[in-house]
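Engineer: Input: one structure, supplied below.
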């Protein structure tokens, strides 16, 4: 009898081992603590110490076979859902539903996944969340949870056909509204972290063009910065983050493509500097690679691009990856899958403590600095 039990037990172990080699490893049990974090506050004016327990410590995310260029999950193994994460008044005062699409592996063994929240392009005038869903799907195939959001579009005088038809104040307000919406989306998902299966300390903000401006402004700009650009903006549009005291979260990285923009690179200080991945053309005719103006419109505010921002990160010894094309035009030549691969591999390096400052001319690496 004992001999039969022994063989049965051995068979169970062998089956378990074979299954563990075929599927991504399950998330381990609860992790204690996570420590205090002041790197990225969710309050627009003050640093809040974030004591959220880490669902997935970096060491686990570094070791797992997920989050690389390999697509571990087939399209059929993903689950997708959509909904409304909030409502807000647009620039004409009309109430607007703010929509999202969420995608992640279905029936997943990892109960809280790193989460990429994506913001689409369109000069704050056009475009929708579907523009980012190809990349979101690719991230989900690599093991991430991802969502793409819509946000309020438009400002007085400007249109898709004539983006320079407005004024600088209206353009700044358009950015402010988009940042408000991104904060609202973050709180929506963080408040439902268990429902969506996301790790609130492993949040990445991914943006394309206008979306990159939005994500960057959320990380680096406070209400006082917007007030300096557009006096009275807070009174007119309300708090930058209406839920600043709720739903604590941690942004781990900015993942940007199709251009980059920040009103002033001086907003990037040593205490706020964020690991960032950039994709931009040197001859970008919409957002400057070096210095220019918002949407390259002569009457709008000054804006700085990926080169200026990466130089600030270089100064503060913060990991980054700058991918540039020495070409004219706003649109890039990189295939979508390649962009997603770079997103995933960038995060894998951070989790592995392989901290580097990389610069790539097209597909060729031209600088690789290891950080101590």
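Yes/no matrix, rows are residues, columns are (1) surrounded by 21 or more Cβ atoms within 10 Å (Cβ to Cβ); (2) under 18 Å from residue 267 (Cα atoms):
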site	(1), (2)
174	yes, no
195	no, no
222	no, yes
253	yes, yes
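Engineer: Could you tell me which of the residues 317, 307, 291 is closer than 17 Å to residue 255 by Cα and either without any contact (Cβ under 8 Å) to a residue 60 or more places away in the chain or surrounded by fewer than 20 Cβ atoms within 10 Å (Cβ to Cβ) (or both)?
Structural biologist: 307
Engineer: Taking the condition on the phi < 0 side of the Ramachandran plot, surrounded by 14 or more Cβ atoms within 10 Å (Cβ to Cβ) and outside any loop (DSSP other than H, G, I, E, B), does residue 368 pass?
Structural biologist: When the stated conditions are applied, residue 368 does not pass them.
Engineer: Moving to a separate point now. What is the one condition in (1) in a loop (DSSP other than H, G, I, E, B); (2) in contact with a helix residue (DSSP H, G or I) (Cβ under 6 Å, 6 or more places away or on another chain) that residue 148 does not satisfy?
Structural biologist: (1)
Engineer: So in segment 91-100, with the set limited to residues that are out of contact with any helix residue (DSSP H, G or I) (no Cβ under 6 Å at 6 or more places or on another chain) and in a strand (DSSP E or B), which one is surrounded by the fewest Cβ atoms within 10 Å (Cβ to Cβ)?
Structural biologist: Per the criteria, the residue is 95.
Engineer: Taking residue 327 and the conditions (1) surrounded by fewer than 20 Cβ atoms within 10 Å (Cβ to Cβ); (2) in contact with a helix residue (DSSP H, G or I) (Cβ under 6 Å, 6 or more places away or on another chain); (3) farther than 25 Å from residue 114 by Cβ, which numbered condition does it fall short on, given that it satisfies the others?
Structural biologist: (2)
Engineer: While we're here: Checking residue 372 against (1) over 18 Å from residue 208 (Cα atoms); (2) at pLDDT 95 or above: exactly one of these is not met. Which one?
Structural biologist: Answer for residue 372: the failing condition is (2).
Engineer: Sticking with this structure for a sec: What is the number of the single condition among (1) in contact with a helix residue (DSSP H, G or I) (Cβ under 8 Å, 6 or more places away or on another chain); (2) more than 30 Å from residue 162 (Cβ to Cβ) that residue 317 does not meet?
Structural biologist: For residue 317, the exception is condition (1).
Engineer: For segment 210-254, give me each residue that is without any contact (Cβ under 8 Å) to a residue 40 or more places away in the chain and assigned to a strand (DSSP E or B).
Structural biologist: Restricting attention to segment 210-254, the residues satisfying the condition of being without any contact (Cβ under 8 Å) to a residue 40 or more places away in the chain are 218, 227-228, 231-232, 234-235.
Residues satisfying the conditions do not exist here.
Engineer: I'm checking my understanding of the structure. Among residues of segment 162-171 that are part of a helix (DSSP H, G or I) and either surrounded by fewer than 21 Cβ atoms within 10 Å (Cβ to Cβ) or on the phi > 0 side of the Ramachandran plot (or both), which one is farthest from the chain's Cα centre (by Cα)? Let's see the steps before the verdict.
Structural biologist: Within segment 162-171, the subset part of a helix (DSSP H, G or I) is 163-165, 168-171.
Within this subset, residues satisfying the condition of being either surrounded by fewer than 21 Cβ atoms within 10 Å (Cβ to Cβ) or on the phi > 0 side of the Ramachandran plot (or both) are 164-165, 168-170.
Working: 164: 27, 165: 30, 168: 26, 169: 26, 170: 25 Å.
It comes out as 165.
Engineer: How about segment 255-269: which of its residues are in contact with a helix residue (DSSP H, G or I) (Cβ under 6 Å, 6 or more places away or on another chain) and not in a loop (DSSP other than H, G, I, E, B)?
Structural biologist: So in segment 255-269, the residues in contact with a helix residue (DSSP H, G or I) (Cβ under 6 Å, 6 or more places away or on another chain) come out as 255-257, 260-262, 265, 267-268.
255, 256, 257, 262, 265, 267, listed by residue number.
Engineer: Right, something else. It is to be established whether one or more residues within segment 69-87 are more than 30 Å from residue 338 (Cβ to Cβ), at pLDDT 50 or above and in contact with a helix residue (DSSP H, G or I) (Cβ under 8 Å, 6 or more places away or on another chain).
Structural biologist: yes
The values are calculated or read from the model by the stated rules, or taken from the named source; none is laboratory data. The shown structure was predicted, so the numbers you read here are calculated from the model rather than taken from an experiment. Every residue, glycine among them, receives a Cβ derived from its backbone with ideal geometry; neighbour counts consider all protein chains shown.
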